[in-house]
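Undergrad: Quick one: the structure is below, questions incoming.
The values are calculated or read from the model by the stated rules, or taken from the named source; none is laboratory data. None of the values given here were measured: they were computed from a predicted structure. Note that each Cβ is placed from the backbone with ideal geometry, even for glycine, and that neighbours are counted across all protein chains shown.
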Amino acid sequence: MSINDKVALITGAGQGIGRAIALRLANDGADIAIVDMNEEKMQAVAEVARALGRNATTFKADVSKRDEVYAAVDHAEKALGGFDVIVNNAGIASIQAIADLTPEEAEKVFKVNVEGVLWGIQAAAAKFKQRGRKGKIISASSIAGHEGFPLLGAYSATKFAVRALTQAAAKEFAGDGINVNAYCPGVVGTDMWVEIDRRMAEITGAKIGENYDKFVGGIALGRAQTPEDVAAFVAYLAGPDSDYMTGQAPIIDGGLVYR
């Protein structure tokens, strides 16, 4: 699954799943553009990638802003001398009962999780076409993009939307040699799940850790997912072994949601 000397841009790469994806792609031979809002965390990831012998660059961008996403893609091409893969990983959680969602909360999660992916798809496809090259577009959905969960209604809606964008873009860009896929993690031991568990406890009155343990207890493989589990699958999507795959959003959750 060699991606030697390919250039990959990963959003939300300062921590968690995004960090694991960036370092896995670097370890597999790619030069990486790290996009995030936290400059200190981005620099730390870049240093590790460079220690692996790869080129790495950072770019601060808010993925909900179209111009900033396009600027990040342009920066990656100029700084690293190419552009082959984008991983639209950046996302935020929204934990709230549907009846209590405010316009502000709904707008925020949709702008980051849906518009952030849309702008990434647009910017990457435009760059691939400009360069006359094939490319890979990979976006973060979720098990919540296959099944709606209580207190995660808005979040689930955004992740269903990512699947829709993935399917439509795959059909629109297939003729240009652009593969468009998504990945659907489950319960990953990251700061996002810490926040999900905290908010669920706050709303339901459960003890901290109780909801997290309940979800993990339903995983067939018997453990929570790690960021590296997700990164391994994204590396497959980024590499040549997935060249005949497009428009898909497979679940990788250890056996929790089955479709």
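Undergrad: Of all residues in the stretch 91-102, which are not charged (D, E, K, R) and not in a strand (DSSP E or B)?
TA: Gly91, Ile92, Ala93, Ser94, Ile95, Ala97, Ile98, Ala99, Leu101, Thr102
Undergrad: Looking at the stretch 35-52, is at least one residue in contact with a Leu (Cβ under 7 Å, 6 or more places away or on another chain), within 27 Å of Lys129 (Cβ to Cβ) and of a type in the set (A, V, I, L, M, F, W, C)?
TA: yes
Undergrad: Looking at Ala161, Ala124, which one is in contact (Cβ under 8 Å) with a residue 40 or more places away in the chain and either more than 25 Å from Gln225 (Cα to Cα) or in a strand (DSSP E or B) (or both)?
TA: Ala124
Undergrad: Could you check, for the stretch 205-221, whether at least one of its residues is among the acidic types (Asp, Glu) and modelled with pLDDT under 95?
TA: Among the residues of the stretch 205-221, at least one is among the acidic types (Asp, Glu) and modelled with pLDDT under 95, which makes the answer yes.
Undergrad: Output the helices (runs of 4 or more DSSP H) that fall wholly within the stretch 1-90 and possess 1 or more residues being touching a residue at least 60 places away in the same chain (Cβ under 8 Å) and crowded, with 20+ Cβ neighbours inside 10 Å, or say none.
TA: 16-27, 66-80
Undergrad: Follow-up question, since we're still on this one. Being under 15 Å from the mean Cα position of the chain (by Cα) and not in a helix (DSSP H, G or I) is the filter here; which residues of the stretch 127-143 pass it?
TA: Once the filter is applied, which keeps residues that are under 15 Å from the mean Cα position of the chain (by Cα) and not in a helix (DSSP H, G or I), the stretch 127-143 yields Lys136, Ile137, Ile138, Ser139, Ala140, Ser141, Ser142.
Undergrad: In addition: I need the full set of residues from the stretch 219-257 which are surrounded by fewer than 17 Cβ atoms within 10 Å (Cβ to Cβ), among the hydroxyl-bearing types (Ser, Thr, Tyr) and either more than 20 Å from Asn4 (Cα to Cα) or touching a Phe, Trp or Tyr at 6+ places or on another chain (Cβ under 8 Å) (or both), in order please.
TA: Once the filter is applied, which keeps residues that are surrounded by fewer than 17 Cβ atoms within 10 Å (Cβ to Cβ), among the hydroxyl-bearing types (Ser, Thr, Tyr) and either more than 20 Å from Asn4 (Cα to Cα) or touching a Phe, Trp or Tyr at 6+ places or on another chain (Cβ under 8 Å) (or both), the stretch 219-257 yields only Thr226.
Undergrad: For the stretch 118-142, which residues satisfy the criterion of being closer than 16 Å to Gly91 by Cβ and crowded, with 23+ Cβ neighbours inside 10 Å?
TA: Trp119, Gly120, Ile121, Ile137, Ile138, Ser139, Ala140, Ser141, Ser142
Undergrad: Now, a different point. For the subset of the stretch 93-117 comprising residues that are surrounded by 15 or more Cβ atoms within 10 Å (Cβ to Cβ) and touching a residue at least 60 places away in the same chain (Cβ under 8 Å), which member is farthest from the chain's Cα centre (by Cα)?
TA: Across the stretch 93-117, the extreme among qualifying residues is Gln96.
Undergrad: Can I ask one more? What's the number of the condition Asn181 fails, among (1) surrounded by 18 or more Cβ atoms within 10 Å (Cβ to Cβ); (2) more than 13 Å from the chain's Cα centre (by Cα); (3) not in a helix (DSSP H, G or I)?
TA: (2)
Undergrad: Just to be sure I understand the filter: pairs with C-beta atoms under 6 Å, separated by 6 or more residues or on different chains, first member in the stretch 188-207 and loosely packed, with under 15 Cβ neighbours inside 10 Å, second member modelled with pLDDT of 85 or more. Which pairs pass?
TA: Glu195/Ala93
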